[in-house]
Amino acid sequence: MNLQDDVDASAQSTTDMHNKYATFYMELINPRMKMRKGDYISFSLALSLEHLYGLTNQEKFNSLNGCGRITKKSYKWLFRYSVHSTFGKSLDDVYRIFLRWTRVELEDGRFLYDATMAFRRIRSYATWLDKYGKQLHDPPLNDDDMKVAQNVLKFTHSYDKHGRLVMWRNLPKIEIEEHKKLSPIQIFRAAAWYVHFAMFDESAEKHGLIMVVSFSESDKLPWVLAQEFRVNVSIQGLTLKASNINLVNIIYTNVKIPWLRSMWGSLWFLMPTHVQESFHFYEDGQREVAELVGDDYVPEDFGIDKGRNCLEN
C-alpha cells in the first residue's frame, strides 16, 4: 500500500471514528481547545501517530513545486532546527507530545486522541521553528542556556502538591550588570530552553504548568522588561499558540506599580480569552500562591514567606 492509499484509508476511517467517538470527545475536551468536524478521533495512540504522520506527509507533498522539488514551505517539515535531542527525545516523541496534548480520558480509563487537532498544533510549532529555530541551532541549545536562565534571568522550577510543573521567576534577584551583558539572542535561547523543558516534562504534560513571577518597585525593573520585550513576543507565540503546554495559571506577585498594570492592559487584547483568564495580579500574593501550590512547595529563596504565618496573614 502506497502513501496515497494510506491517506485514502485514513480519510474513510476518519468518518467512522468521528461518528462513533466525536460526541464523547466533545463532551470531555478542554474548552480551551477546538475540535473541528471531521477530525480523526481514535483510542489508539499508535494509529493516531500513523495518521498524524500521514497528514504531515500530505502537507509536504502539497508544498512541492511543479517539478517535485522542495519549496520554502516544505522546509519546516524537515524540522531542521528541532531541539528534541537536547532533551534526549526523538522526532517521534515530538509528534507524541502533541497527540497527548489532545487526549481526553473516559470513565473506563481509556484515552481518546484527536490526530487532526494535533496536526494543526504541530504545524504551528513547525512554522515557529522555521522562523526562529536557527537561533537555537547554531550552536545547539544546551545546558549553558539553562544556566543563563537560572543564574542571570532568575528562573527556577519545581512541582506543586498536585504534581504540576511550577516555573518561578524572581525579578528582584536579577543583577542588572549581569543582565546587561546578555544579548537578545542569549535571552531568547534561555527562555526557549525553559519552554521546551516544559513541553517535554511528563508532569507538565499530565497536570499542567503554573508560572509565578515576583516583581518589585526597583527602578531596574523597567529596564529589564524593555530589554526582554521583543524576546517575550516570540516566546509567548511559542508558549500560547505553538506548543503542547497546558497553562493553568500565570501569577504576578508584589505588583504595586500602576504602570505595570497599564502595560499589561495594552497587551491584553492580543491574548486569547483563556489566557486572559489565567492571569492573576496581586499586590502581595503570598497567601494565594501558598494556597495554590502548597505551603511547603514554595522555593526557600523566592521571597514568599512559608509556614503557618503565610496562610494566616
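The values are calculated or read from the model by the stated rules, or taken from the named source; none is laboratory data. Predicted model only: the values in this text are computed from it and were never measured. Backbone-built Cβ (ideal geometry, glycine too); neighbour counts: all protein chains shown. Protein only, heavy atoms only, side chains kept; ligands, DNA and RNA dropped before computing areas. Shrake-Rupley method; radii C 1.70, N 1.55, O 1.52, S 1.80 Å.
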Failed criterion for Arg121 (all others in (1) under 25 Å from Thr253 (Cβ atoms); (2) part of a helix (DSSP H, G or I); (3) within 16 Å of the chain's Cα centre (by Cα); (4) not small (Gly, Ala, Ser) hold): (1)
Enumeration of residues in region 18-69 that are of a type in the set (Val, Ile, Thr), at pLDDT below 85 and farther than 20 Å from Ala242 by Cβ: Thr23
Where Lys256 falls short, out of the listed (1) at pLDDT 85 or above; (2) open to solvent by 60 Å² or more (accessible area, probe 1.4 Å): (1)
Residue ID - nearest to Leu141 (Cα to Cα), chosen from residues in region 56-96 that are of a type in the set (Lys, Arg) and under 18 Å from the mean Cα position of the chain (by Cα): Lys89
Some residue of region 167-177 being assigned to a helix (DSSP H, G or I), free of Cβ contacts under 8 Å to residues at least 60 places away in the same chain, under 22 Å from Asp301 (Cβ atoms) and open to solvent by 20 Å² or more (accessible area, probe 1.4 Å): yes
Residue match in region 76-94 (condition: in a helix (DSSP H, G or I), at pLDDT below 95, aromatic (Phe, Trp, Tyr) and surrounded by 16 or more Cβ atoms within 10 Å (Cβ to Cβ)): yes
Ser243 being part of a loop (DSSP other than H, G, I, E, B) and at pLDDT 90 or above: yes
